[in-house]
Amino acid sequence: MILTTSILKSNYSKYVNPLDKIKRDVDERKLFRLTRGLYETNSDTNPIFLAGSILSPSYISFEFALSFYGLIPEKVVAITSASLEIRKNKTFVNIFGRFEYTDIPSRAFSCGLSLIENDGYFAKIACKEKALCDSLYKWRVTKSIKELKKLLFEDKRIDEEEFASLDFNELIRLASLYNRSNLELLIKLIRKEYLHE
């Protein structure tokens, strides 16, 4: 269970110094610090269910989501999330792992998300198409379809069969929200080579 300092202080109100009790619980591994003012009670909690509380608003995306869906072959160590208006990348490290946050444009933020649940914990995660769009927003800028294909299928090792199975109409809809050349080229690539428009 995720608990804030204020909840813990209320729970420990019978103690002379509730903050000392919180510190003791952390030292004795009864509580696990996520970030300033935020704790988890179960050391076995899957970190994907903690990312949204460590920095909010956010949702799981980028490389972690691409790996989760099998679009890239690598297992990703950091839990990567899209954030809103933090203005620079943020990283948090705790006993559960490494959590990285990168902004995306506000008009794209709330589209293409789904909710996963396990044992009372919930996490927002980008759908496959959204995770790819978010990643292309973050990755280096390309100037041609040829460059984009090299970035996708060689440098980032996107599985071409998985890519071909994506919902291209949804991909085009989402890509149009970013105002970034990589996403504009993605739309052109899909229309030219997959939809044959």
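Readers should treat all values here as calculations from the given coordinates under stated rules, not as data from a laboratory. All figures in this text were calculated on a predicted structure; none of them were measured in a lab. Glycine gets a Cβ as well: all are built from the backbone with ideal geometry, and neighbour counts include every protein chain shown.
For the chain, what relative contact order do you get, as a whole percent, if you take Cα pairs closer than 8 Å and at least 6 residues apart?
16
Mind pulling the angle between the C-alpha long axis of helix 128-138 and the longest principal axis of the chain? Nearest 10 degrees, somewhere in 0 to 90.
The angle comes out near 90 degrees.
What's the angle, to the nearest 10 degrees (0 to 90), between helix 18-27's Cα axis and the longest principal axis of the chain?
Between the helix axis and the principal axis of the chain, the angle is about 60 degrees.
If you wrap the range 2-127's Cα atoms in a convex hull and average its projection over all directions, what's the area in nm²? Spell out each step's value before the answer.
Values: hull surface 34.6 nm².
Reported value for the Cα convex hull: 8.6 nm².
Starting from the range 1-101, pick out the trypsin sites (Lys or Arg not before Pro) whose DSSP state is loop and whose Cβ has at most 13 other Cβ atoms within 10 Å. Spell out each step's value before the answer.
On the way: sites: 9, 14, 21, 23, 24, 29, 30, 33, 36, 75, 87, 88, 90, 98; in loops: 14, 29, 30, 36, 75, 87, 88.
The qualifying sites are 14, 29, 30, 36, 75, 87, 88.
Is the range 129-194 rounded, prolate or oblate when judged by the Cα gyration tensor, a ≥ b ≥ c being the square roots of its eigenvalues, rounded requiring a/c under 1.5 and prolate requiring a/b larger than b/c?
Verdict is rounded for the range 129-194.
Loop-only check: which trypsin sites (Lys or Arg not before Pro) in the range 104-166 are DSSP coil with at most 11 other Cβ within 10 angstrom?
Qualifying residues, ordered by number: 140, 143.
What's the extension gain from residue 35 to residue 19 if we count 0.36 nm per residue and subtract their Cα-Cα distance?
Here the answer is 4.2 nm.
Could you size up the charge dipole of the range 2-127 around its Cα centre, putting +1 on the beta carbon of Lys and Arg and -1 on that of Asp and Glu, and report it in debye to the nearest 20? Walk me through the intermediate numbers first.
Working: 16 positive and 13 negative charges, 101 e Å.
In total the dipole reaches around 480 debye.
With labels modelled as points extended 7 Å from the Cα through the Cβ direction, what inter-label distance (nm, one decimal) is found for residue 78 paired with residue 179?
2.6
At 0.36 nm per residue, and after removing the present C-alpha to C-alpha distance, how many nm does the segment from residue 161 to residue 147 gain when stretched out fully?
Between residue 161 and residue 147, full extension yields an extra 3.1 nm.
Counting Lys +1, Arg +1, Asp -1, Glu -1, what net charge surrounds residue 18 among other residues with beta carbon under 13 Å of its beta carbon?
Its environment carries a net charge of +3.
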